[in-house]
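Every read-out reported here was derived from the displayed coordinates using simple, explicitly stated rules and does not represent laboratory data. Bear in mind the structure is a predicted one, so any value in this text is a computation, not a measurement. Glycine gets a Cβ as well: all are built from the backbone with ideal geometry, and neighbour counts include every protein chain shown.
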Amino acid sequence: MTTLRIKNVKKVYPNGAEAVKGVSVDVEDGELVVFVGPSGCGKSTLLRMVAGLESVTEGEIELAGRVVNDLEPADRNIAMVFQNYALYPHMSVRKNLAYGLRNRKTPQNEIDARVNEAADLLQIAEFLDRKPSQLSGGQRQRVAMGRAIVRHPAIFLFDEPLSNLDAKLRNQMRLEIKKLQRRLETAAIYVTHDQVEAMTLADRIVVLNGGQIEQVGTPAEIYANPATTFVASFIGAPPMNMLEANVTGDALEIEGQSLPFPRSHRGPVRMGLRPERMQINGSDAGLNAEITVLEDLGATRLIHARLGNQEVVLSQDADLPVPSDGKISIAFRPDDVHLFDRDSGRRIDA
Amino acid sequence: MEKSQFQNPWFPYLLLLPQMGIIAVFFLWPAAEAIKSSFYLEDPFFGNATFVGLDNYRDALSASDYKRTAWFTAIFTVLVSVLSLALGLMLAVSADRVLRGQSTYKTLLMWVYAIAPPVAGLIGVMLFDQHIGPLVDFVAIFGWEMRVGVNYWDTGLAMIIVSTWKQVPYCFIFFLSGLQSIPTSVKEAAKVDCRSETRRFWSITFPLLAPTTFFLMILNITYAMFETFGTIDLIVKDQPGNSPVTLVYKVYRDGFRGNDLGGSSAQSVILMIIVLLLTIVQFRLIEKRVHYN
């Protein structure tokens, strides 16, 4: 069944700025959907509309079979985890967790049971009587999640919950959020600008740009078949190479070089190639380029090269040799080439 | 912040000297003089002083008008402090909710604070004037013949109203900035957790304003006990006979109008002790319950 339906939702601010321009997404039961996009793409606005913290200008939001457009946040059966934790600084951890339940007139023994259950799950039982100011960033993050869990909501809303943590803790908490969400089997929306978080956490990713959906799909689908040049360069690190090229039906022409390329589409295109899907060829059979910069990342090495007037980046195992004269021939499988329309930026599958 | 070490260990004391000098000349010395003269019966025309021990204290505390003044001061202080806090908070919460023209509201509400105390007192006196006072005319509609300067409690009420009116903007400014320093996300988290706005206010907003409230409470008490002198002076001007006054005003009246320097010194020493005790109580009892971020 579907937990959440977002139908043609628009958000126009009083000053006329259109933050969300008609978006429709469904979140299935138990599914973790990630909204990802650059800042200002409308992802947070959309989440806040689901939470009820932002009014809906047009369209409908349906949660667990009931339209919630005009309901107060507290009546929506949602739980939200904020970017800066948003804990109540004057309350102990226990009171922070219990606050929402107490306001809903939950019986005290039920409150205690739920608080203890959440505290065990998140390993914060020993901090229950401390104030948030006495906790570290990671512990505060757990408390914020605990506050969401005790409510037993229909859906969890995460608003960039990890962006205040350091890199190591972020990876660890990311994994924990995923495990927790799987275990609770509660639907969730997770907003982030970090494509790694999106790829690792999501059952499905919604890529947003300029208030509109660019693509919806599983991480694998989005990685393998990006629908637009925006998605292609936003998902994947380092980003996909975008090269101006020309296809003739049986050959690919780029910077005066030509490679056999049997595709039915003809004409000028923008060609996408992932850095990790290109190799340095021993022979001269590939595209000839010249190395400009090498970046060693430990396990992998990024090779920046000049191909005519265009820049390309290759990513390869750091153990593999690099020609000392800097002249390379780049090889790739024709299947790994993504073609996009130069004007619309949309994918060409033909 | 960078910590720097002074080469000469006496240098910091040298820097503190001007401030210490001011405190010594304008507080420590007069206080010591007051304590000393409270044990003497002094000739106001710089004549001889006779040591009388605790007689001045005994006289002051046993006088019936001292008790009456102390009571009035207590009632006055509590009402002025609490009313200015409550009204300031109410106005700040309303102004915080206003989205359009917020700065206009703020300016209008803060205006009163910019008025010098004597001017405020004068406006207050005019509002309660027997002949031209609009407030007197207003309460007359309900059959209340208000006689400020004649009736003890009518005069007291006028003092309380004028003093509160003068202090409300001050509380308002601090409460407004306190409200605006509460993180938006905390307010939003509370919105998700609690539907009732009133309940949210008392369980989240008000406790987070506690440091501001505590600070203002201390300032208000000090204000009501000492700084309302000018307002009171204007209201009771020339007819102090039956009018209510605060302890500070009584010190002034007995000392400079009544020429009883010893007695008035004893009263100011008692006042100092009261203030000292109040401060200890405030910090010991209340600060424990106050949450500081």
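How much of the DSSP beta bridge set in chain A is antiparallel, as a percent to the nearest 5?
Working: 59 of 77 bridges.
Given both bridge residues lie in chain A, the antiparallel proportion sits at roughly 75 percent.
Once phi is turned into θ = phi - 60°, what whole-Hz ³J(HN,Hα) does the Karplus curve with 6.51, -1.76 and 1.60 give for every residue of the range A:36-44, x standing for Gly and Pro?
Per-residue couplings from phi come out as 10, x, x, 5, x, 7, x, 5, 5 Hz.
Report, please, the projected area of the range A:1-49 averaged over directions, based on the convex hull of its C-alpha atoms, in nm².
Values: hull surface 14.5 nm².
Result: a mean projected hull area of 3.6 nm².
Tell me, what is the Rg over Rh of the range B:1-40, with Rh the Kirkwood radius over Cα pairs? It would help to have the intermediate numbers written out before the result.
Details: Rg = 16.3 Å, Rh = 12.5 Å.
Rg/Rh for the range B:1-40 comes to 1.30.
Nearest 20 debye, what's the magnitude of the dipole of the protein assembly as shown about its Cα centre given +1 on Lys and Arg Cβ and -1 on Asp and Glu Cβ?
Roughly 1360 debye, rounded to the nearest 20.
Based on the Cβ-Cβ distance from A:D343 to A:L184, what FRET efficiency comes out when R0 is 51 Å, to the nearest 0.05? Each step should come with its number before you reach the end.
Values: r = 46 Å, r/R0 = 0.89.
Rounded to the nearest 0.05, the efficiency is 0.65.
Taking 7 Å along the Cα-to-C-beta vector as the label spot, tell me the B:F51-B:F142 distance in nanometres, rounded to one decimal.
5.8
Return, for the Cα atoms of the range B:51-289, the radius of gyration and Dmax in Å, separated by a comma.
For the range B:51-289, the Cα-based Rg and Dmax read 20.8, 71 Å.
For an R0 of 56 angstrom, estimate the FRET efficiency from the Cβ-Cβ distance between A:S264 and A:Q83 and round to the nearest 0.05.
0.75
Rounded to the nearest 20 Debye, what is the dipole magnitude of chain B about its Cα centre when Lys and Arg each give +1 and Asp and Glu each give -1 at the C-beta?
Details: 22 positive and 21 negative charges, 237 e Å.
It works out to roughly 1140 debye.
Kindly count the pairs of lysines across chain B whose alpha carbons are less than 23 Å apart, treating pairs on different chains or eight or more residues apart as eligible.
Values: B:K36/B:K250; B:K67/B:K237; B:K67/B:K250; B:K106/B:K166; B:K106/B:K187; B:K166/B:K237; B:K166/B:K250; B:K237/B:K250.
Lysine pairs meeting the criterion: 8.
How large is the dipole of chain A about the Cα centre if only Lys and Arg carry +1 and Asp and Glu carry -1, each at its Cβ, rounded to the nearest 20 debye?
Working: 41 positive and 46 negative charges, 278 e Å.
The calculation lands at about 1340 debye.
If you line up the long axis of helix A:137-149 against the longest principal axis of chain A, both from Cα atoms, how many degrees apart are they, to the nearest 10?
70
Under the Karplus relation 6.51 cos²θ - 1.76 cosθ + 1.60, θ = phi - 60°, what is the ordered set of whole-Hz ³J(HN,Hα) values for the range A:164-181, x standing for Gly and Pro?
Once θ is set to phi - 60°, the couplings for the range A:164-181 become 8, 9, 6, 4, 5, 5, 4, 4, 5, 5, 4, 5, 5, 4, 5, 4, 4, 5 Hz.
Around A:V207, what is the net charge, scoring Lys/Arg as +1 and Asp/Glu as -1 over all other residues with Cβ under 15 Å from its Cβ? It would help to have the intermediate numbers written out before the result.
Details: positive: A:K21, A:K43, A:R204, A:R346, A:R347; negative: A:D194, A:E197, A:D203, A:E214, A:E221.
So the surrounding residues net to 0.
Would you pull out the residues with amide H under 5 Å of A:N288's amide H, same chain only if 5 or more places away, H placed 1.01 Å from N?
Residues meeting the amide H criterion: A:I330.
Only bridges whose two residues both fall in the protein assembly as shown count here: according to DSSP, what percent of them are antiparallel, nearest 5?
Working: 62 of 81 bridges.
Taking every DSSP beta bridge within the protein assembly as shown, about 75 percent pair in antiparallel fashion.
Provide the FRET efficiency to the nearest 0.05 for the A:A318-A:N116 pair, computing r from the beta carbons and using R0 = 41 Å. Can you show the working numbers first?
On the way: r = 49 Å, r/R0 = 1.19.
FRET efficiency, A:A318 to A:N116: 0.25.
Once Lys and Arg get +1 and Asp and Glu get -1 on their Cβ, which of A:H338, A:M278, B:F226 lies farthest toward the positive end of the dipole of the protein assembly as shown?
B:F226
Among A:V231, B:V275, rank each residue by its count of other Cβ atoms within 10 Å, from fewest to most, as a rough exposure measure.
Values: A:V231 27, B:V275 14.
Ordered from fewest to most neighbouring Cβ atoms within 10 Å, A:V231, B:V275 come out as B:V275, A:V231.
Could you work out, residue by residue across B:179-192, how many beta carbons of other chains sit within 10 Å of that residue's beta carbon, and then give the average as an integer? Don't jump to the answer; show the numbers that get you there.
Values: counts 0, 0, 0, 1, 6, 4, 9, 7, 2, 10, 16, 7, 7, 18.
Mean number of neighbouring Cβ atoms from other chains: 6.
By how many degrees, 0 to 90 and rounded to 10, does the Cα axis of helix A:108-122 deviate from the longest principal axis of chain A?
For A:108-122 against chain A, the angle is about 30 degrees.
Measuring from label point to label point, each 7 Å out along Cα→Cβ, what is the A:S92 to A:R130 span in nm?
Placing both labels 7 Å beyond Cα along the Cβ direction yields 1.4 nm.
Tell me whether the range A:221-350 comes out rounded, prolate or oblate; compute the Cα gyration tensor, take square roots of the eigenvalues as a ≥ b ≥ c, and use a/c under 1.5 as the rounded threshold.
On the way: a/c = 2.03, a/b = 1.36, b/c = 1.50.
Oblate is the answer for the range A:221-350, as a/c is 1.5 or above yet b/c matches or exceeds a/b.
Can you tell me the length gained on complete extension of the stretch B:N242 to B:A74, counting 0.36 nm per residue apart and subtracting the Cα distance?
Working: separation 168, 0.36 × 168 = 60.48 nm, distance 1.78 nm.
That works out to 58.7 nm of additional length.
Per-residue mean of other chain beta-carbon atoms within 10 angstrom of the beta-carbon, peptide A:74-85?
Working: counts 8, 1, 1, 0, 1, 3, 6, 1, 7, 1, 4, 4.
Other-chain Cβ atoms within 10 Å of each residue's Cβ, averaged: 3.
With the crude spin-label approximation of a point 7 Å out along Cα→Cβ, what separation in nm comes out for B:I132 versus B:Q7?
Using points 7 Å along Cα→Cβ, the separation is 6.7 nm.
Please report the spacing between the Cα centers of the range B:114-166 and the range A:273-350 in Å, no decimals.
Here the two parts' Cα centres lie 86 Å apart.
Residues with beta-carbon under 13 Å from that of B:S38, excluding B:S38: net charge, scoring Lys, Arg +1 and Asp, Glu -1?
Working: positive: B:K36, B:R58; negative: B:E33, B:E42, B:D55, B:D59, B:D254, B:D260.
Around B:S38, the surrounding residues sum to -4.
Under the rule of at least 5 residues apart or a separate chain, name every residue whose amide H is placed under 5 Å from the amide H of A:F35.
A:Y190, A:V191, A:T192, A:V206
Using the Cα centre of the range A:38-82 as origin and beta-carbon charges of +1 (Lys, Arg) and -1 (Asp, Glu), tell me which of A:P73, A:L53, A:C41 is placed farthest towards the positive end of the dipole.
Of the options given, the answer is A:C41.
Residue by residue, what Karplus-based ³J(HN,Hα) values in Hz, rounded to whole numbers, does the range B:129-144 have, using 6.51, -1.76 and 1.60 with θ = phi - 60° and x for Gly and Pro?
Rounded to whole hertz, the list is 5, 4, 9, 10, x, x, 5, 5, 5, 5, 6, 5, 4, 8, x, 9.
Work out the charge dipole of the range A:171-328 with +1 on the Cβ of Lys and Arg and -1 on the Cβ of Asp and Glu about the Cα centre, then indicate which of A:V293, A:V312, A:Q181 is farthest towards its positive end.
A:Q181
Determine which aspartates and glutamates satisfy two conditions relative to A:K131: a Cα distance under 17 Å, and not lying fewer than 8 residues away in the same chain.
Filter leaves B:E287.
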